[in-house]
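The values are calculated or read from the model by the stated rules, or taken from the named source; none is laboratory data. All of these numbers come straight from a predicted model, not from anything done at the bench. For neighbour counting, all protein chains shown are included, and Cβ atoms are generated from backbone atoms with ideal geometry for every residue, glycine included. Quick note on the areas: whole protein, heavy atoms, side chains included, nothing else; ligands and nucleic acids left out. Shrake-Rupley method; radii C 1.70, N 1.55, O 1.52, S 1.80 Å.
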Number of protein chains: 2
Amino acid sequence: MLKGAIVLGGAAATPALAAGRDRTERWGVHEIVLSGPSTGNPIDDVTVSAAFERDGNRLVVPGFYDGDGTYRIRFSPPDVGQWTWKTSSSSAALNGRSGAFQCVAPSSGNHGPVRVTADGYHFAYADGTPFRQIGTTCYSWALQSDAMCAQTLATLRTAPFNKMRMCVFPNVPSVATNPFVKTGPGLHDWDPKRIDPAFFRRFEDRIVRLGALGIEADIILYHPYDEKRGYSDMSRADDERYLRYVAARFGAFRNVWWSMGNEYDAIKTKTVADWDHLFGVLQAADPHDRLRSIHQIIVYYDHRKPWITHASVQNGSAVTDDVPAQLHRSFALKPVIFDEVLYEGNSDKRWGRLDSQGLVDRFWHGLIGGTYVGHSETFNPDRNADFSWLGQGGKLVGTSAPRLAFLRKIMEAGPTPGIEPIQTWWGYHLGGKEFEYYLRYFGADQPTEWAVNLPGRDKDPRNTYRADIIDTWNMTVTPVEGTFRMAKRDAYEFHDPDRPTIKLPGKKWTAVRLVKV
Amino acid sequence: MLKGAIVLGGAAATPALAAGRDRTERWGVHEIVLSGPSTGNPIDDVTVSAAFERDGNRLVVPGFYDGDGTYRIRFSPPDVGQWTWKTSSSSAALNGRSGAFQCVAPSSGNHGPVRVTADGYHFAYADGTPFRQIGTTCYSWALQSDAMCAQTLATLRTAPFNKMRMCVFPNVPSVATNPFVKTGPGLHDWDPKRIDPAFFRRFEDRIVRLGALGIEADIILYHPYDEKRGYSDMSRADDERYLRYVAARFGAFRNVWWSMGNEYDAIKTKTVADWDHLFGVLQAADPHDRLRSIHQIIVYYDHRKPWITHASVQNGSAVTDDVPAQLHRSFALKPVIFDEVLYEGNSDKRWGRLDSQGLVDRFWHGLIGGTYVGHSETFNPDRNADFSWLGQGGKLVGTSAPRLAFLRKIMEAGPTPGIEPIQTWWGYHLGGKEFEYYLRYFGADQPTEWAVNLPGRDKDPRNTYRADIIDTWNMTVTPVEGTFRMAKRDAYEFHDPDRPTIKLPGKKWTAVRLVKV
């Protein structure tokens, strides 16, 4: 029997996992490995958890069965210092074990898990570093061959994306297709009671490798695209077992987010009440309290429900302007990510043939509206989106990614925790931080000048700003000479009476940035 | 002591009230008048209600104290036939009374109360007649002098509006300002325990007179605009007494809607939990189950809460396009009324100086998005909106009303129960009923032609349509010669290959209507 604290090493040295038996870095993974019963179905028959304690802070973390009599309990310590632990189990071999470890300061690049910021509409890592979401989707990338996965990871290494939406269950042709032990040759011949640890071990390796690249793994737990296998059509008890398993197995990795369903409302075997129930199961099984959302095709889930941490939205038209984007914040009262806004690509399907400009344009409108947007692409020689970055990962073909990298730099140089919409009601199309920083985005318009009228009342500071003209497509930032010294224009606005306008190049995809000097 | 069924006659012959002691028309008001204690504070000391029964249908209706020892119980019978009733009361003089009446067919023009339609996004009267909402707001019209009220009613008689938003508590200078008995000369000197029946008797006369004009009375129960008097800042017990009183007194009138608050989030003495509680109180006190909503300034109330029947929204920018308008349906999953979208007027405030075109334009965009919009105007020689149609009623000065009458006719000639948004995601800007009726609205654009590409898949009917060009401002409908015979255009669309476009006049505020032939 193996006893005590051992850190998972198989997935290589990554910031998600700390080194050392007795020392684990803050927000790393401290793993306890125990040997126990291997007969019967340990997943159903054996419960095991550990209570971790430090200075009155106590978290009870469920463990999971990893096959061959091995049980693991994974804990990501939220604070530095000495943590003690003690197990509880239905099995005498696993019960009453105890130990301790030292949680040390995080290593460079480890900023902790992403959380919602105090203002309620943005994200930051636990150490306070803003998280400026520029996501992508490769639904079944983690289920492809090792070579293909390596290619995807190599692509991501130089791509701008810091969140990856990825399915546990395959939605397109894949190599790893069996989360549950097969019972026969048919697609539907599998036993939901017999979770296959090898499948999930492989999947978590992908989570860890994303973490090493600084990419959040937005794990999609259900989807409607594989009715033949029926993984999303299990019974309630089988769903609960599955959710508890993934929560125990993956939840300690700090880059994990939970997406309960992709197009949840297209899964005909589950009702909204079922989803609500499953959120409760997941929340109870996840002491690390990772971010949770759910993605729709038509019927918006109620994002105000307390277990939803942020809105994950599919909407192709809502981010063609900042007004409808911002509205999602008004309804959700939470951060909003437009995880699906049509894809850059050449698909024969209309949802997969957006041009690159159209995709980048959506990111900018979303930004001005105080929200976040997600990318994917569907290029394929045969126009078949199932074999593309969206489905399987691999290489990027489109031209949006560099523009999104440019956008990300703009975001990173902007206010924290993020861009706020500014007086959306009044048609300004401005985002930023009032009286400090403004972005005005013109989309497909081609203005030759812009009247620099900023919202401001008598009580507000009349500041002075410098300006940049941003070509979001050609990725240039051109400073405007001099400054704009604001004075009262009318009851609602400030402007500089000596230079009330900025000349613009009359080109599409132009933005103006004003920064207080 | 007066016993038995007497129908309220004071407010004149109106469709809201049926005639006759023993006969009440369906959806009219059957009123029981009883004499009881007049000492102490009958509103707090005496409870009285009646159970009305017919064919196993049983409703318990609370009564209210009307002063001078008079108690009234008002019931609006939902079905024709013989109804029996029996009172329960804490007072022996009011307890155990019983009687019966005959509910007869409704008279002409009585379509019953407005309800949400089965599809979930529109309104219809109880008899099935569609209710096409074209609302207006005169916050304190009912609290003005009788002469001024008469002028407002005369204006409404020829105006297009079928819903009036109106406050119980004054928000601008008014004649009727004391719902509660005064206890001193100061604005805040009044006793919330002593409701003044005369104030509410006068108010209900206005409700009834609106009903006679076929106008729904959207009664605003609280608002933040009179902190000096503080009617919206009462204690919970006082709020409960007030709500129970208005529910018992007004709830039987079939044209009553409840708007719990105007700019509820600007009332600093109440939390969302308070509002939720008050909805519960109102719902329990209103066996007639009238429509319920609440109107915000900034923070959207959660329209999915079960006691909300429809979303009442203030938003100046959401109805400048059908996309954001439609989104409100996606979030609320209920009918949406944009009750405040800026006002036509000449106010010195930016919320009250929209031009008439801008207001009419919002109604059209809202319509295409499957929602409804509300009007008001703020014209005043001194640009003071407090003395205008919005505040006090009177005469209309603006030029939007005839255009809204025209719009209402277009709506009434359209599909039932209302206009549905059509594939909003894909930029069609079409509303209607697929494969039967389409409206395309162009707003401030000035197109000279429109490519008639309608969404349609292989399985869908390729119908033939006639077309009209609608000038929404000049109120003309110009038929287009011939018909459009749809054929497959591509995987997603139909068109007529022989005439793929319609020539348009290149003018603002143009719409095209297609009707299946």
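Couple of notes before you dig in:
- The range A:434-516 - Kirkwood radius from inverse mean 1/r over Cα pairs (Å): 13.0
- Selection from A:Gly370, A:Val480, A:Ala217 lying farthest towards where the dipole of chain A points positive, charges on Cβ: A:Val480
- The Kirkwood radius of the protein assembly as shown, taken over pairs of alpha-carbon atoms, gives through the Stokes-Einstein law at 37 °C and 0.692 mPa s a diffusion coefficient of 102 µm² s⁻¹.
- Nearest-20 debye value, chain A charge dipole, Cβ charges on Lys, Arg, Asp, Glu: 760
- Between B:Gly443 and B:Trp509, B:Thr510, the built amide H atoms are under 5 Å apart, and every one of these is 5 or more places off in sequence or on another chain.
- Helix A:400-412 vs. chain A, principal-axis angle (Cα, 0 to 90°, nearest 10): 80
- Within straight-line cross-link reach of A:Lys163, aspartates and glutamates at Cα separation under 17 Å, skipping those fewer than 8 residues along the same chain: A:Glu204, A:Asp205, A:Glu216, A:Asp218, A:Asp339, A:Glu340, A:Glu377, A:Glu412
- Inter-copy separations for A:Ala126, label at 7 Å along Cα-Cβ, nm, ascending: 5.9
- Counting Cβ atoms of other protein chains within 10 Å of each Cβ in A:322-329 and taking the mean gives 5.
- Rounded accessible area per residue of the range A:434-516, 1.4 Å, Å²: 49
- A simple packing score, the average count of other Cβ atoms within 10 Å per residue, orders the peptides B:101-110, B:41-50 as B:41-50, B:101-110, with the highest score first.
- Projected-area mean, the range B:177-325, by convex hull of Cα positions, square nanometres: 9.7
- Extent along the principal axes, Cα only, for the range A:114-412: 51, 44, 35 Å, with the longest axis given first.
- Label geometry 7 Å along the beta-carbon vector: B:Thr271 inter-copy distances in nm: 3.2
- Using only side-chain charges placed at the Cβ, +1 for Lys and Arg and -1 for Asp and Glu, the dipole size of the protein assembly as shown relative to its Cα centre rounds to 80 debye.
- Each stretch of four or more DSSP H residues adds -39500 (n - 2.57); spread over every residue of the protein assembly as shown, this sum gives -6000 deg cm²/dmol at 222 nm.
- List B:Trp473, B:Trp83, ordered by accessible area with a 1.4 Å probe, largest first: B:Trp473, B:Trp83
- Loop-located trypsin sites (Lys or Arg not before Pro) in the range A:344-412 (DSSP state other than H, G, I, E, B) with a sparse environment of at most 16 neighbouring Cβ atoms within 10 Å: A:Lys349, A:Arg383, A:Lys395.
- Whole-Å semi-axes of the ellipsoid equivalent to the range A:39-190 (Cα gyration tensor, √5λ, descending): 31, 30, 13
- Kirkwood hydrodynamic radius (C-alpha pairs) into Stokes-Einstein, chain B, 10 °C and 1.306 mPa s, D in µm²/s: 65
- For the pair B:Thr158 and B:Thr84 in one chain, pulling the backbone fully straight at 0.36 nm per residue adds 22.6 nm over the alpha carbon distance.
- Taking only alpha carbon atoms, the range A:268-340 gives an Rg to Rh ratio of 0.99, where Rh is the Kirkwood radius.
- Pairs spanning more than 27 Å between alpha-carbon atoms, out of B:Lys182/B:Lys270; A:Lys182/A:Lys268; A:Lys193/A:Lys349; A:Lys305/B:Lys193: A:Lys193/A:Lys349; A:Lys305/B:Lys193.
- For the range A:202-271, radius of gyration divided by Kirkwood radius, i.e. Rg to Rh on alpha-carbons: 1.00
- Average other protein chain Cβ within 10 Å of Cβ, residues B:313-321: 4
- Amide H contacts of A:Phe494 (H built 1.01 Å from N, in plane; Pro and chain starts excluded): A:Leu454, A:Gly456, A:Arg489 sit under 5 Å, all sequence-distant by 5 or more or on other chains.
- Between the range A:425-453 and the range B:76-99, the Cα center-to-center distance that results, in Å: 64
- The equivalent ellipsoid of the range B:78-147 has semi-axes of 32, 23, 14 Å, largest first, where each one is the square root of 5 times an eigenvalue of the Cα gyration tensor.
- Ordered by 1.4 Å accessible area with all protein chains kept, B:Val181, B:Val313, B:Val517 run largest first as B:Val517, B:Val181, B:Val313.
- Counting DSSP beta bridges with both ends in chain B, the antiparallel % (nearest 5): 70
- Counting only lysines at least 8 places from B:Lys86 when in the same chain, those with an alpha carbon closer than 17 Å to its own are B:Lys3.
- Cα centroid of the range A:127-183 to Cα centroid of the range B:261-308, whole Å: 44
- To the nearest ten degrees, helix B:146-157 and the longest principal axis of the Cα atoms of chain B are 30 degrees apart.
- Of every Cα-Cα pair in the range B:31-121, the percent that sits beyond 20 Å: 45
- Accessible surface of A:Ser400, taken over heavy atoms with a 1.4 Å probe and every protein chain present, rounds to 0 Å².
- FRET efficiency for B:Ala405 and B:Glu481, using Cβ-Cβ distance with R0 set to 22 Å, rounded to 0.05: 0.20
- For B:Ala92, the label point sits 7 Å beyond Cα toward Cβ; its separations from the matching points on the remaining copies run 7.7 nm, from shortest to longest.
- All lysines inside 16 Å of B:Lys459 as judged from Cα atoms, apart from same-chain residues fewer than 8 positions distant: B:Lys488
- Rounded to 10°, Cα long-axis angle of helix B:356-368 versus longest principal axis of chain B: 80
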